[in-house]
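The values are calculated or read from the model by the stated rules, or taken from the named source; none is laboratory data. Since the model is a prediction, treat every value here as computed from it, not as a measurement. Here the Cβ positions follow ideal geometry from the backbone for every residue, glycine too, while neighbour counts run over all protein chains shown.
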Amino acid sequence: MAPRSKRAPRSGSNKVRIEEVARRAGVSPITVSRALNTPEKVNETTRVAVLKAVEETGYIPNRLAGSLASNRSKTVGVIVPTVTNSIFADKIRGLGDVLSGAGYQILLGQSGYSLDAEADLVAALLAQSPSGLVLTGSTHAHRTHVMLERSGVPVVETWTSAEFPIDMQVGFSNEAAAFAVVEHLVAAGYRDLALVVAPVQDNDRALGRLEGFRKAIAHFGLRQPAPEREAAFSLRNGAEALVNILETHPDTDAIFFANDILAAGALLECRRRNIAVPGRLGVAGFDDLEIAAEIVPSLTTVAVPRYEIGSRAAQMLLARLDNAETGRRVQLDFTIMERESTRRER
């Protein structure tokens, strides 16, 4: 991951030309084109030299060059970690509702929480000459930073609150939201807390929730070190994390699952094992998915403005494309939705 630095807003394109790649690789522009489009027609040494030059310069082959007078298509590239989680579906809906009204279409990519996969998607999307890009989070591969810096394409990072965004940003503080969950649990009378969070490697949203949890544990003088587990989002993983924590730390009286799917899996496992919620164990989630209000007992969770994140990101992009004034960072609010899973008599 490249270090963050303070950058000025973008106002134009600094696109790398194929001639620059050719000079760096020590070949002709036509050889660069062959190495990228028909690699079987060049030898391995040349191909490696060209690919190295491409990565160093951030060059993006323009698949649409010559077909558009403006050299920009009426598309916006959007990359999300997964399309199976409705939190991102709501963001995409917010984007689509605003962009379609302005005559733009979405090109959607799924990174699978992989920085390398995201970089490949950025390259593929930039090759289509989009009018803008919308990314998830603030953690990206160095190659992504180079490509975006050279492309000059407007970029909005979402779901994050990094101090220095690549370009523009719409999100909320994951750290503050996690802190607020612990504060709520303490107010409800819980003292021996544990955390289950998504794998934090290359995931700034999960890392922010972990850091917020730790800061709150220290702030309220609770048990340290509090049990912490990482788990990919699934009902089964939530159930297994619950069992592991209660077996290794039986005094735990509340668990914060930093995702509603994990929390729902834990609640289902509690019913199977006759663990009283919220009497014996408090359970909190994150995202306020539909299942949170419908599961029994209903789940205390963090509601985030998923649709608004998408719509505001689209509005910022359109303002930039119209050369209108637009802020670089938009911080939205979150809400603790108190429900039955933490509402015990005190």
Original post:
assigned to a helix (DSSP H, G or I), acidic (D, E) and under 30 Å from S129 (Cβ atoms) - does that describe any residue in region 272-294?
Top reply: no
Original post:
How many residues are hydroxyl-bearing (S, T, Y) and under 14 Å from V98 (Cβ atoms) if we restrict to region 295-342?
Top reply: 3
**OP:** Kindly indicate the residue of region 236-261 that is of a type in the set (A, V, I, L, M, F, W, C) and within 21 Å of A188 (Cα to Cα) and also nearest to the chain's Cα centre (by Cα) among those meeting that condition.
**Re:** A258
Original post:
Under the condition of being in contact with a helix residue (DSSP H, G or I) (Cβ under 7 Å, 6 or more places away or on another chain) and hydrophobic (A, V, I, L, M, F, W, C), which residue from region 226-235 is modelled with the lowest pLDDT?
Top reply: F233
**OP:** Being under 20 Å from the mean Cα position of the chain (by Cα) and not in a strand (DSSP E or B) is the filter here, so list the residues in region 166-180 that pass it.
**Re:** I166, D167, F172, S173, N174, E175, A176, A177, A178, F179
Original post:
What tally of residues in region 38-49 results from selecting those that are without any contact (Cβ under 8 Å) to a residue 24 or more places away in the chain and in a helix (DSSP H, G or I)?
Top reply: 8
**OP:** Quick one: which helices (runs of 4 or more DSSP H) lie wholly within region 77-165 and hold at least 2 residues that are within 18 Å of R312 (Cα to Cα)?
**Re:** 86-101
**OP:** Scan region 321-338 for residues that are modelled with pLDDT of 95 or more and farther than 18 Å from G171 by Cα and jot them down.
**Re:** M337, E338
Original post:
Residues of region 147-160 being buried (at least 21 other Cβ atoms within 10 Å of the Cβ) and farther than 19 Å from A89 by Cβ, which ones?
Top reply: M147, L148, S151, V153, P154, V155
Original post:
Restricting attention to region 182-225, which residues are over 30 Å from V80 (Cα atoms), assigned to a loop (DSSP other than H, G, I, E, B) and at pLDDT 95 or above?
Top reply: A188, G189, Y190, R191, D192, F220, G221, L222
Original post:
Consider I261 against the criteria (1) modelled with pLDDT under 95; (2) within 18 Å of A293 (Cα to Cα); (3) of a type outside the set (D, E, K, R): it satisfies all of them except one. Which criterion is unmet?
Top reply: (1)
**OP:** Could you tell me whether region 312-323 includes any residue that is in the same structural domain as W159 (by TED's automatic domain parsing), surrounded by fewer than 23 Cβ atoms within 10 Å (Cβ to Cβ) and in a loop (DSSP other than H, G, I, E, B)?
**Re:** yes
Original post:
Of the residues in region 271-286, how many are under 16 Å from S234 (Cα atoms) and surrounded by fewer than 23 Cβ atoms within 10 Å (Cβ to Cβ)?
Top reply: 0
Original post:
Taking the stated definitions as given, is T38 at pLDDT below 85, among the polar types (S, T, N, Q), over 30 Å from D287 (Cα atoms) and not assigned by TED's automatic domain parsing to the domain that holds D260?
Top reply: yes
**OP:** Examine region 17-35 for a residue that is at pLDDT 90 or above, surrounded by fewer than 18 Cβ atoms within 10 Å (Cβ to Cβ), assigned to a loop (DSSP other than H, G, I, E, B) and among the charged types (D, E, K, R), and state whether such a residue exists.
**Re:** no
